[in-house]
1. Can you work out the accessible area per residue across the chain, with the rest of the protein chains kept in place, probe 1.4 Å, in square angstrom?
2. Starting from the Kirkwood Rh over alpha-carbon pairs, what translational D in µm² s⁻¹ does the range 414-545 have by Stokes-Einstein at 20 °C and 1.002 mPa s?
3. Put one equal scatterer on each alpha carbon of the range 252-397, apply the Debye formula with no solvent term, and list log10 I(q)/I(0) at q = 0.14 1/Å to two decimals.
4. What are the semi-axes of the equivalent ellipsoid of the chain, taken as the square roots of 5 times the eigenvalues of the Cα gyration tensor, listed largest first and rounded to whole Å?
5. How many angstrom lie between the C-alpha centres of the range 142-198 and the range 210-281?
6. Please work out how much accessible surface Arg285 shows to a 1.4 Å probe, ignoring ligands, DNA and RNA, in Å² rounded to 10.
7. Considering only the other residues whose Cβ falls under 13 Å of the Cβ of Phe311, what net charge follows from Lys and Arg at +1 and Asp and Glu at -1?
8. Within the accessible area of the range 374-417, what % is carbon and sulfur when the probe is 1.4 Å and the other protein chains stay in place?
Amino acid sequence: MSKIKKIGIGIFLSVSVLVSIGFQSNFFEIAKQIDIYTTLFKELNMYYIDEVNPAKLTNNAINYMLKNLDPYTRYYDEQGVEGARIQQAGEYGGIGIITNYKNKTLVIREIFKNSPAEKSGIKTGDKILRINDVIVKDFEGKGISTLLNGLPKTNVKLQIERQNKKIELEIIRKKIEINPVPYYTMLAAEVGYISFTKFNEKAASEVKKAFLELKEEGMKKLIIDVRNNPGGLLMEAVKITNFFIPKDKIVVTTKAKIDKWSDTFKTRNEPLDLEIPITILVNNRSASASEILAGSLQDYDRAVIVGERSFGKGLVQRYRELSYGTQMKITISKYYTPSGRCIQELDYTNRDDKGNIPKFSDAGREMYKTAIGRIVYGGGGISPDIKIKKPITTKTTEELLQSEAFFNFVTNYFYENKSIAAPSKFKLNKGIFNSLKVYLTKNNKAFETKTEVEFKKAKQKAVSENLNGNLDKIYTELLKNIQLEKLKELDKNKEEILHKLTEEIVKRYYYDEGVYMQKSVFDSTIKEAVSILNNLDKYNSILKK
């Protein structure tokens, strides 16, 4: 045996031993931690002074562990698995509502058009008190809403509360289909518009259907609106991109720790249209598959991107089945657009000691080139070709839009106004912003900022330590000033709040379809997109190097 061959065999054996030792070391560490947890869990169950709930303890432990990785890696118990399946499939057996369960109260947040819930007279804002024989306030856990679902043609009995009155209902479930394209229309003689809200299993087929119908109506230019679209199934993004670029083109590449989960996704079919001018609308809530669609068409110089910088979710998840009917959605890879850029914004791996998450864009955004050589950037989302400027959304505004006070204000408006104008003609009166602020003043508990919550905690701490002797008057005055400043802060985002208020009010009367119908007439970003498409010299100049 030659000396070189002996050296080669020696290196191979050394590497193999090192890999084996590394694998055994990792396996031992995993086994060790599992054994520690099992031993601790057994001791708690046997000796803790009060009865413990093993399932609840385990759920809390798992969720806390995963929370420290990223917001997308999640554990689903038996009830959660069904909810995850519905999100992917876009259909289920039920009554057609979205609910929110908080403080032992189940509130209806949205009703689907033509659903059993709508036909039975259920309204957004109704509280569900009982589902069949199950009293909601006595239910343990978060899976209460799954009791509303079931096989089509089966009955569910509900007791609801509306405006302090109790109502008994019996509803027949049916197959609920969630259409990811709530509205499409011709905006002008040649400009078609498609609103697009999620990438479920029906996404590509519904976008294709809308596109072909608009073509029959004379469409020669297209707007695709993926603002507020959080993404979904990667393959649906690939299929939709394929409508506008040639066969065998790379749409997205994924890179994982496990080689078999790394992949390159190419277009498989002949396109629908290679020539039609396209604008894609994005904002800071366009994420994941929305960014794959926008990013790939931008990289091929096939569409002009209009709006705000997108969210920046460059991570891919996959569902993994676990024991006893549970499952986990786990981040397995990062995705890269055709030019090679990953648009992930938040660096979850390198949180600091206080839990703050750095941004990749803070270190500078790397430059890439499109097919014809235009400069685009990685990290921090998709940067639009035409930016629509708007004021930065303040923390106070974010908390308002998520608050019970905002939701309840819209509910009150609905009951005070039996009807409103058609979506294409509806505009809020100028005084409603002040009406909202008056309502918030009277219902402050339903809209508390973190500052107010912490300030009240400080007062309670002072009381517990007998340090509140002369604090009451000062505390009341300071709290009042904080609440006044909170309302002033909302003025910075007046237009954004009015836009959101318009959306929520229109949705109560005309559902998602009405929201986009109203936008198609009044929305400034849509108007900008139409202007670009109607000026082909400008459109073509944007897509040139």
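1. Result: 57 Å² per residue.
2. 114
3. Here log10 of I(q) over I(0) equals -0.77.
4. 40, 37, 27
5. 27
6. 130
7. Result for the local shell: +2.
8. On the range 374-417, the fraction of accessible area on carbon and sulfur atoms equals 53 percent.
The values are calculated or read from the model by the stated rules, or taken from the named source; none is laboratory data. Fair warning: this is a prediction, and the values are worked out from it, not measured in the lab. Glycine also receives a Cβ, built like all others from the backbone with ideal geometry; neighbour counts cover every protein chain displayed. The area values use the complete protein model at the heavy-atom level, side chains included, leaving out ligands, DNA and RNA. Shrake-Rupley method; radii C 1.70, N 1.55, O 1.52, S 1.80 Å.
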